[in-house]
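J.: Handing you a structure now.
The values are calculated or read from the model by the stated rules, or taken from the named source; none is laboratory data. Model, not experiment: these values are computed from the prediction. With ideal geometry, Cβ positions are generated from the backbone for all residues, glycine too; neighbour counts draw on all protein chains shown. The protein model used for the area step is the full one, side chains on, heavy atoms only, and it has no ligands, DNA or RNA in it. Shrake-Rupley method; radii C 1.70, N 1.55, O 1.52, S 1.80 Å.
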Amino acid sequence: MTTGPIAEASLDDQAALVISHDAFGRSQALDRLFRFLVDCAREGRAPKEIEIAREVFDKEAEDDASIRVHVHRLRRKLDEFYAGPGADFPFRLALPKGGYRLVVVPREVVEAVTPDVTPSSRRGWEMGTMLLLIAAILGTWWLARRPDAAEAPLATARASRLWSPIVDGERRIALVVGDYYIFGERNRDGDVSRLVREFDVNSSRDLAARFSAREGEVRDVIDLDLAYLPVGVGNALRVIAPVVRRNSRAEVPSFVIPASNLTPEQLKLTNIVYLGYLSGLGSLRDPLFSGSRFGIGSSYDEIVDRWTGRRFLAGSHLDAGTDTPTRDYALIAGFKGVGGNQIVVIGGTRDAALMQAADFATRPETLNELTRAVGAAEDFEALLAVDSLRGVGLRANIVWAGSRRATKWDGQPQVFPDSSTGVTANLASLAKSP
């Protein structure tokens, strides 16, 4: 087999690479599904779900949830392969949501499509939404790759206490964005009529467990294999990406990944920059708060200083009146990962806090302020108060900044609002001094 960028752009070469690296382990079902989809892609067609059921799994059901589960697992396995053994390939195989056709794409392109589950009368709206999402993501990537109009401020930011451990060295950078699982509810006709986000349902497994355990709750729900990103994430990504795309010597390899797809290997081996809500941290949540002075209160809108007991509630009005500024909060933290890698977290309670914190983390003058506040600490954090008006950040000020305690990687530091034990235990844990 030939190698190189041209060969790796072909379907057969990519399929051979995946198979030769044993990407599916011992799963014969995934191997059969993959080979069948490769054959269909060679023919230039996308198979129907019923065809997959018959040809791959020897089933006749027209609506078998196990088919979608296997397709979801196949997408995950492909993502893991191209984040690991295939990390240096310029092209990759992808299985866009909404269909079952394998395609070869440049690895820089982030796919964002919605599942094809709604009635035909809504197809035009879905396609328009899909194209807008793709355009926004490609635009963000272009902004990150373009020549910088103001390289000097970016160079100053890269040399700061916050960013130099991230961009210096040979490790790849994972830009981790906080995403949220959502599921669908169907009406009497079987069409998806609502998209639902619930705090205690964060995966397909959670969805199945919840509604199998609650016999009295009658809801026709469906796993759409769908997640969403808050608006503030795109803005934060646009601001942060130019800073981390290079160091003083060369381009730094980086990729964007949802927090729900972050693997243990990536958590250990890559430098990580998290951008999102504090409620969307995923597997980064416990490491962040295990060494933090701060904790989460009765909801993710409430941050608690565990040293003093002081509480900071996002969304509170600064003055009386109906159209006055509100105050939100954000955390910026930098600390060592379990594999000697570096982790930076920029997390906000809401969009305005997240966007303003990203801006704070890239301006030379505010980065100098942060450096003076944390001193020589290797692991550090800062709580920011963000004043906003109608969802637009006005300013960000440091409430407290200093060193963090050692990060714990072997246990949960506290109970969170969406934990099964509930808020009461969370507040009790916050009452304890560190």
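J.: Counting only residues that are in contact with an Asp or Glu (Cβ under 7 Å, 6 or more places away or on another chain) and either within 15 Å of ASP13 (Cβ to Cβ) or acidic (Asp, Glu) (or both), how many does the range 64-93 have?
T.: 3
J.: State the number of residues belonging to the range 188-213 that are within 22 Å of GLY280 (Cα to Cα) and among the acidic types (Asp, Glu).
T.: 3
J.: Looking only at the range 267-313, how many residues end up being open to solvent by less than 10 Å² (accessible area, probe 1.4 Å) and either of a type in the set (Phe, Trp, Tyr) or under 21 Å from TYR82 (Cα atoms) (or both)?
T.: The number of residues fulfilling the criteria is 7.
J.: Go through the range 351-361 and count every residue that is within 18 Å of the chain's Cα centre (by Cα) and surrounded by fewer than 24 Cβ atoms within 10 Å (Cβ to Cβ).
T.: Final tally of qualifying residues: 1.
J.: Taking interchain pairs and intrachain pairs at least six residues apart, which have beta carbon atoms under 7 angstrom, with the first residue in the range 187-208 and surrounded by 13 or more Cβ atoms within 10 Å (Cβ to Cβ) and the second hydroxyl-bearing (Ser, Thr, Tyr)?
T.: Close Cβ pairs satisfying both conditions: ASP191/THR118; VAL192/THR118; VAL201/TYR181; ASN202/TYR181; SER203/TYR181.
J.: If you don't mind, another one. Mind listing whichever residues of the range 49-70 are open to solvent by 40 Å² or more (accessible area, probe 1.4 Å), under 14 Å from TYR100 (Cβ atoms) and in contact (Cβ under 8 Å) with a residue 24 or more places away in the chain?
T.: Scanning the range 49-70 gives ARG68, VAL69.
J.: Take residues that are at pLDDT 85 or above and on the phi < 0 side of the Ramachandran plot and tell me which of the helices (runs of 4 or more DSSP H) falling wholly in the range 1-83 contain 1 or more.
T.: It comes to 11-20, 28-42, 49-55, 65-83.
J.: With the requirement that a residue be open to solvent by 20 Å² or more (accessible area, probe 1.4 Å) and in contact with a Leu (Cβ under 7 Å, 6 or more places away or on another chain), what does the range 256-266 give you?
T.: VAL256
J.: Could you list, in sequence order, all residues of the range 372-392 that are part of a strand (DSSP E or B) and open to solvent by less than 20 Å² (accessible area, probe 1.4 Å)?
T.: If the condition is that a residue be part of a strand (DSSP E or B) and open to solvent by less than 20 Å² (accessible area, probe 1.4 Å), then PHE380, GLU381, ALA382, LEU383, LEU384, ALA385, VAL386, ASP387, SER388 are the ones that fit.
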